[in-house]
1. Which pairs in the list 246/288; 152/288; 28/152; 103/243; 104/232 are over 23 Å apart, alpha-carbon to alpha-carbon?
2. Mind checking the stretch 1-65 for GluC sites (Glu not before Pro) that DSSP puts in a loop (not H, G, I, E or B) and that have at most 14 other Cβ atoms within 10 Å?
3. So if I place +1 on the C-beta of Lys and Arg and -1 on the C-beta of Asp and Glu, and nothing else carries charge, what would the dipole magnitude of the chain be about its Cα centre? I want it in debye, nearest 20.
4. For a label point 7 angstrom out from the Cα of residue 164 toward its Cβ, which stretches of the stretch 247-288 have the backbone nitrogen within less than 15 Å?
5. So what's the gap between the Cα centers of the stretch 143-165 and the stretch 10-44, to the nearest angstrom?
6. Starting from the stretch 117-211, pick out the trypsin sites (Lys or Arg not before Pro) whose DSSP state is loop and whose Cβ has at most 10 other Cβ atoms within 10 Å.
7. Amide H of residue 94: which non-local residues (sequence gap of 5 or more, or other chain) have their own amide H closer than 5 Å, using H built in the peptide plane?
8. If you filter the stretch 86-170 for GluC sites (Glu not before Pro), then keep DSSP loop positions with at most 16 other Cβ within 10 Å, what is left?
Amino acid sequence: MDIKKYFQEKTSLINEQLDCLLPKPDLKPQILHQAMRYSVFAGGKRLRPVLFLATLEALDYRETDLLPFACALELIHTYSLIHDDLPAMDNDDFRRGLLTCHKKFGEAQAILAGDALLTYSFNLMLAVREKGAAPERLLQAIDEVASRAGLKGMIIGQVTDIESENKDISLEELKFIHRNKTGALICAAVRSAAILSGADEKTLEKLTGYAENLGIAFQITDDILDVIGDEKKLGKPVGSDAKKRKATYPSLLGLEKSRALAEEAVNRALWFLEDMTSSADPLREIGKTVLHREA
Ligand code: GRG
């Protein structure tokens, strides 16, 4: 299968839907809606909603339109990046080749745009109840996302990351940070789709194994790109981790070992899909692309 084409097709579906669902930029207060749209349409890869859709496909689930749920995952991801870029956190001026949200709209508006994206994501997840999603499964899927984006995932990872700044940390501590900060939302994308599809426990476990390993590989390649990536393709300066004295996979293990670990993680991710049919091919191909990504 052509994974590039797959990504293009799904991304254009997701973008159309995001455009419909987000408040229009001329709606008052314009600055809020413009800031939300600015960051959402700044050119992200849409990995999390694409993973969500690919998981539905892997489980042959096509009955309802769950696109708003997929979009909600992208809104949560975008909020996390807006807040992560703030002066109180990573203090970054550029993301995806554009000024960061606070550089463009000011700090207060960037904080509020992030807050609005996060809270609105819950409206979007709930909206799929009108499209026929089974109420019990929907509640469980929303709980899954809330936990992994929050106190059982991303927030814990971010807090631990900040606490670890300028400290020597072990590989285990680094893994903990990234399992939560980056991996948890990736895992929530796969698991929420599986839950909504009515997957049995065994399938859910396998897909969780896939997603956890994909998250590890994704973070390792992110760290590697910050050392040897192309600034133009990344849309941000490289070397920012070293400048901030952040512990990363390459700083702890070197580039070669980091590459080998990423490859191992992708192989493990693919192993978890071994019993699945060709419907899981998009998930398999996404796994492979993570290793060769340039942005
Ligand atoms: C502020 C609560 C809070 C959390 C922030 C995810 C995160 C936590 C911060 C981002 C820091 C970072 C750059 C982590 C590396 C992995 C990662 C999440 C990269 C960005 O994701 P992509 O590459 O982004 O999917 P695009 O731009 O494609 O949407």
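The values are calculated or read from the model by the stated rules, or taken from the named source; none is laboratory data. Just so we're clear, the structure is a prediction, and the values are computed from it rather than from any experiment. Every residue, glycine as well, gets a Cβ built from its backbone with ideal geometry; the counts of neighbours run over all protein chains shown. Ligands, DNA and RNA are stripped out before the accessible areas are found, and what is left, the full protein with its side chains, is counted by its heavy atoms. Shrake-Rupley method; radii C 1.70, N 1.55, O 1.52, S 1.80 Å.
1. 246/288; 152/288; 28/152
2. Those that pass, being in a loop and sparsely packed, are 63.
3. Magnitude of the dipole: close to 560 debye.
4. Residues passing the 15 Å test: 247-254.
5. The distance from the Cα centre of the stretch 143-165 to that of the stretch 10-44 comes to 25 Å.
6. In loop regions of the stretch 117-211 (DSSP not H, G, I, E or B), the sparsely surrounded trypsin sites (Lys or Arg not before Pro) are 167.
7. 100
8. The qualifying sites are 165.
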